[in-house]
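A.B. asks: Got a structure for you, written out below as structure tokens; questions coming shortly.
The values are calculated or read from the model by the stated rules, or taken from the named source; none is laboratory data. Owing to the predicted nature of the structure, the values given are computational and were not obtained by experimental measurement. Neighbour counts run over all protein chains shown; Cβ positions are idealised from the backbone, glycine included. Accessible surface areas use protein heavy atoms only, side chains included; no ligands, DNA or RNA. Shrake-Rupley method; radii C 1.70, N 1.55, O 1.52, S 1.80 Å.
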Amino acid sequence: MTPGEWVSRDDREVIRKVFRDRMKERLALTDQQAWQIQALSNSQRDQARADIQALCEARVEMRGLLDQQRSDPVALKSAAERVKALQWKLLDRRLDTVVALRSQLTPEQWAKWLELRKGRGHHWGG
């Protein structure tokens, strides 16, 4: 594990495999579907990593400016705009991922996916 990690890379890969296997079983995915969805997931995760890091940094900067009684309002507004832009970018990426996932599933599999998400308390609003 690298400093600051709670879970090692090997552990994350095992967790991904368990998730992938459960999803394949519960949705009755073909091997091809499972492979395509895994590739999609890997690609999206890799692309989002830098944006998530930038969002965290922008939030820290904004929080620091908010905490200062005499911070420059223009700097605060600029920091807030960076946070909003990164949040929208991540939302757009998430929507793209859902559309791509949906295109890989049959209507029955998609309905089952929605049912499984509801059971876990997920909703599209984040």
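A.B. asks: Mind jotting down the distance between the C-alpha centroids of segment 62-78 and segment 1-56, whole Å?
C.D. replies: 36
A.B. asks: Would you calculate, for the chain, the mean residue ellipticity at 222 nm contributed by helices, counting each DSSP H stretch of 4 or more residues as -39,500 (n - 2.57) and dividing by all residues, to the nearest 500?
C.D. replies: Working: 4 runs with 101 residues, N = 126.
Computed mean residue ellipticity for the chain: -28500 deg cm²/dmol.
A.B. asks: Please work out how much length the chain gains when fully extended from Ala28 to Gln69, using 0.36 nm per residue of separation minus the C-alpha to C-alpha distance, in nm with one decimal.
C.D. replies: The Ala28-Gln69 span can extend by a further 9.1 nm.
A.B. asks: Shifting gears a bit: Under a point-charge model restricted to the Cβ atoms of Lys and Arg (+1) and Asp and Glu (-1), what is the dipole moment magnitude of segment 13-63 relative to its Cα centre, in debye to the nearest 20?
C.D. replies: 200
A.B. asks: Excluding ligands, DNA and RNA, what is the solvent-accessible area per residue of the chain at a probe of 1.4 Å, expressed in Å²?
C.D. replies: Value returned for the chain: 75 Å² of accessible area per residue.
A.B. asks: While we're on this one: Lysine pairs in the chain with alpha-carbon atoms under 30 Å apart, 8 or more places apart or on different chains: how many are there?
C.D. replies: Qualifying lysine pairs in the chain: 10.
A.B. asks: Moving on. Would you mind calculating the relative contact order of the chain from Cα pairs under 8 angstrom and at least 6 residues apart, reporting the percent as a whole number?
C.D. replies: Values: 55 pairs, mean separation 34.1, N = 126.
About 27 percent, as a whole number.
A.B. asks: Using the Karplus curve 6.51 cos²θ - 1.76 cosθ + 1.60 with θ = phi - 60°, work out ³J(HN,Hα) for each residue of segment 64-70 in order, rounded to whole Hz, and write x for Gly and Pro.
C.D. replies: x, 5, 5, 6, 8, 4, 10
A.B. asks: Per residue, how big is the convex hull around the C-alpha atoms of the chain? Give it to me in cubic angstrom, could you?
C.D. replies: 133
A.B. asks: Find how much the distance from Val99 to Glu115 grows on full extension, using 0.36 nm per residue of separation minus their present alpha carbon separation; answer in nm with one decimal. Before the final figure, lay out the partial values.
C.D. replies: Values: separation 16, 0.36 × 16 = 5.76 nm, distance 1.68 nm.
Stretched fully, the Val99-Glu115 segment lengthens by 4.1 nm.
A.B. asks: For the chain, which whole percent of the accessible surface, found with a 1.4 angstrom probe, sits on carbon and sulfur atoms?
C.D. replies: Carbon with sulfur: 57 percent of the solvent-accessible area.
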